[in-house]
Structures are given as structure tokens and as C-alpha cells.
Amino acid sequence: MALADDFRNVVDSLPEGWTDLSLDLKIFDPEDYIDSAVLLSQINAQPYSRSEWHWRIDVASKFGHAAAAPTVAGILDRLDREGIEGELKIRDAQEGRAEVVQMWGRPESVREEFRHRRSL
């Protein structure tokens, strides 16, 4: 199965309130490592130095310090079109966290609107 299809299946299998997802990616052909590195840099994939898996990809559902899920799907689709084959494995998935925003000094109306928009 293609990497992009695997990724979409993973995202579809997650609960509705998921916030963060960490995936491991293995590239099958070592000759494709450099080409994949160029593409994966667009989603800030982190290389492993001594592991059978080559990359860690952090994905955010709505906000956070990670790549957006549609962007990750697009890059994995690009890898598929380039003929780069590999395998994805779920490392970690989290749900139900809220972003931390400094609210000191902000009026109560801003705090209420933040709670309303984030359903806190």
C-alpha cells in the first residue's frame, strides 16, 4: 500500500479528538534516502541516527508544533509519485489536550471567547 494511503488510514482510525500523532517512517531502498530527505524536510521530519526506522514525523490535528495532517499526506503522496517505497508505524497518538496560551493581563471577554472556541 502507498505511504499516503497508509497515513490516511491511520488518521481515519484515530478518535475524533486526537491532537498529536508521532509516526516512524522506514525507506526501503537506501538509494532513495537523500531524495526522501529533501521532501521530508518540508514537514520537519526528524532523522534517526541509529535505528532501523529512518524518520520520525510529528503530526498535529489542529494546532501545535508539528506538521498539519493534510501537509503530511501531501508529502507522502509526493514520495509515492516519486516511486519511493517505505513503511509507516504509529509511535504515539494523543487526544484531548488543549493548547496553552498565556492569558495574564487579558480581559475576561478574551478568556471567555478562548474557552468558547476551544470548548474548554
Revision key, fill the gap. Expected single match for in contact with a strand residue (DSSP E or B) (Cβ under 9 Å, 6 or more places away or on another chain) and aliphatic (A, V, I, L, M) among V100, V38, V110, V11 is V11
Review point. Are any residues in segment 51-64 outside any loop (DSSP other than H, G, I, E, B) and either modelled with pLDDT under 80 or in contact with a helix residue (DSSP H, G or I) (Cβ under 7 Å, 6 or more places away or on another chain) (or both), and if so, which ones?
Key: W55, I57, V59
Check your understanding: Of the numbered conditions (1) closer than 25 Å to Y33 by Cβ; (2) under 11 Å from the mean Cα position of the chain (by Cα), R50 satisfies every one except a single condition; which is it?
Key -> (2)
Check your understanding: Looking at (1) out of contact with any helix residue (DSSP H, G or I) (no Cβ under 8 Å at 6 or more places or on another chain); (2) modelled with pLDDT of 90 or more, can you tell me which one A67 breaks?
Key -> (1)
Practice item. From the list E87, E31, pick out the single residue that is loosely packed, with under 13 Cβ neighbours inside 10 Å and charged (D, E, K, R). Key: E31
Check your understanding: Is it true that some residue in segment 42-55 is of a type in the set (D, E) and either touching a strand residue (DSSP E or B) at 6+ places or on another chain (Cβ under 9 Å) or free of Cβ contacts under 8 Å to residues at least 12 places away in the same chain (or both)?
Key -> yes
Practice item. Consider L23 carefully, then state whether it is in contact with a helix residue (DSSP H, G or I) (Cβ under 6 Å, 6 or more places away or on another chain), of a type in the set (A, V, I, L, M, F, W, C), assigned to a strand (DSSP E or B) and surrounded by 12 or more Cβ atoms within 10 Å (Cβ to Cβ). Key: no
Study note, to complete from the structure: A careful count of residues in segment 65-89 that are more than 14 Å from L40 (Cβ to Cβ), in contact (Cβ under 8 Å) with a residue 24 or more places away in the chain and assigned to a helix (DSSP H, G or I) gives 1
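The values are calculated or read from the model by the stated rules, or taken from the named source; none is laboratory data. Note that the structure is a prediction, hence the values are computed from the model and not measured. For neighbour counting, all protein chains shown are included, and Cβ atoms are generated from backbone atoms with ideal geometry for every residue, glycine included.
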